[in-house]
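Chemist: Structure provided below as structure tokens; questions to follow.
The values are calculated or read from the model by the stated rules, or taken from the named source; none is laboratory data. Please read all numbers here as calculations on a predicted model, not as lab measurements. As a convention, Cβ positions derive from the backbone with ideal geometry for all residues, glycine included, and neighbour counts pool all protein chains shown. Just so you know, the surface numbers come from the protein's heavy atoms only, side chains and all, with ligands and any DNA or RNA stripped out. Shrake-Rupley method; radii C 1.70, N 1.55, O 1.52, S 1.80 Å.
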Amino acid sequence: LIEEFNRILRGKLIKKWVTVGRPEWDEDELNHEINSRERTVDTLLGKQLLPAYPIIVLSILQAIEVSRNVNTAAGSYGELYEALITERLLSVSAKATDLGTRYTLIARIAYYIYKRDASTFTRDDINFVCDRYLSEYQIRIDPSRLIDDLVRADIFEVSGSGYEFKYPYYYHFFVARYFRDNLADPSLSANLASQLTDMADRIYYEPYVNI
């Protein structure tokens, strides 16, 4: 059984990551680099938004490497979360062009349960979202295949007779993505802007903070 890493073990893993292939470091520069990585990892793990398993920590470190231009000092962690999610979706996607469709559908599912103030959803809920997508874009998505793929990718997991997002950060990320992708839609913008204002007025509610 693999257990989560505490901060000491995460620090040791991060130090090994930083120094691999770079044996000669100025001590101050090395400490700065390690501390920077630790702060980013701690923020991305959040308050149990992600489990601190070694593979998760390594995935975050890899995402940091491929997203070096992200200004994490300004709180721009969305791109790092997206890198982690993209890696999971690519593992079950036959072709790269599937990625955009799946991002859109998962964001719609997340927003659907957000509006219902629910934590779980059923196959019927996903059928409903896929039917709406078909009516808007004339693209038919097989709900059963979508569910199976997202369970295999560890985006969804079985919960009782339904499903839920495996980690809270998946849910928060995709709700936020739905708002981002649809705020410019004239038919949705006023309602979404009102919802965002309501969330901002209740920033003490943790899901709203994370979104």
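Chemist: Mind checking which pairs have a first residue in the range 131-146 that is closer than 21 Å to Phe165 by Cα and touching a residue at least 24 places away in the same chain (Cβ under 8 Å) and a second that is open to solvent by less than 50 Å² (accessible area, probe 1.4 Å) and part of a loop (DSSP other than H, G, I, E, B), Cβ under 9 Å, 6 or more apart or different chains?
Modeler: Tyr133/Ile141
Chemist: Do we find that Asp154 is open to solvent by 30 Å² or more (accessible area, probe 1.4 Å), of a type outside the set (A, V, I, L, M), closer than 21 Å to Ala94 by Cα and at pLDDT 95 or above in this structure? Outline the logic, then answer.
Modeler: Numbers: open to solvent by 30 Å² or more (accessible area, probe 1.4 Å): yes; of a type outside the set (A, V, I, L, M): yes; closer than 21 Å to Ala94 by Cα: yes; at pLDDT 95 or above: no.
Here the answer is no, as Asp154 does not meet what is asked.
Chemist: Taking the condition assigned to a helix (DSSP H, G or I) and of a type in the set (A, V, I, L, M, F, W, C), does Val209 pass?
Modeler: Yes, satisfied.
Chemist: Kindly indicate whether Asn35 is more than 15 Å from the chain's Cα centre (by Cα) and at pLDDT 85 or above. Break it down into steps so the answer makes sense when it comes.
Modeler: Details: more than 15 Å from the chain's Cα centre (by Cα): yes; at pLDDT 85 or above: yes.
Judged against the criteria, Asn35 is a match.
Chemist: Still on this structure, I have one more. Arg140 - would you say it is out of contact with any strand residue (DSSP E or B) (no Cβ under 8 Å at 6 or more places or on another chain) and in a helix (DSSP H, G or I)?
Modeler: Details: out of contact with any strand residue (DSSP E or B) (no Cβ under 8 Å at 6 or more places or on another chain): yes; in a helix (DSSP H, G or I): no.
Taking the combined requirement at face value, the residue does not satisfy it.
Chemist: Test Arg102 against the stated conditions and say whether it is open to solvent by less than 80 Å² (accessible area, probe 1.4 Å) and either of a type outside the set (Val, Ile, Thr) or in contact with a Lys or Arg (Cβ under 7 Å, 6 or more places away or on another chain) (or both).
Modeler: Details: open to solvent by less than 80 Å² (accessible area, probe 1.4 Å): yes; either of a type outside the set (Val, Ile, Thr) or in contact with a Lys or Arg (Cβ under 7 Å, 6 or more places away or on another chain) (or both): yes.
Taking the combined requirement at face value, the residue satisfies it.
Chemist: Listed residues Tyr137, Tyr114; which is in contact with a helix residue (DSSP H, G or I) (Cβ under 6 Å, 6 or more places away or on another chain), open to solvent by 30 Å² or more (accessible area, probe 1.4 Å) and either closer than 20 Å to Ser187 by Cα or modelled with pLDDT under 95 (or both)? Working first, answer last.
Modeler: On the way: Tyr137 fails: in contact with a helix residue (DSSP H, G or I) (Cβ under 6 Å, 6 or more places away or on another chain).
Only one candidate passes the filter, namely Tyr114.
Chemist: Please state which of the following conditions Leu84 fails to meet, knowing it meets all the rest: (1) of a type outside the set (Val, Ile, Thr); (2) modelled with pLDDT of 95 or more; (3) part of a helix (DSSP H, G or I).
Modeler: Of (1) of a type outside the set (Val, Ile, Thr); (2) modelled with pLDDT of 95 or more; (3) part of a helix (DSSP H, G or I), only one is false for Leu84: (2).
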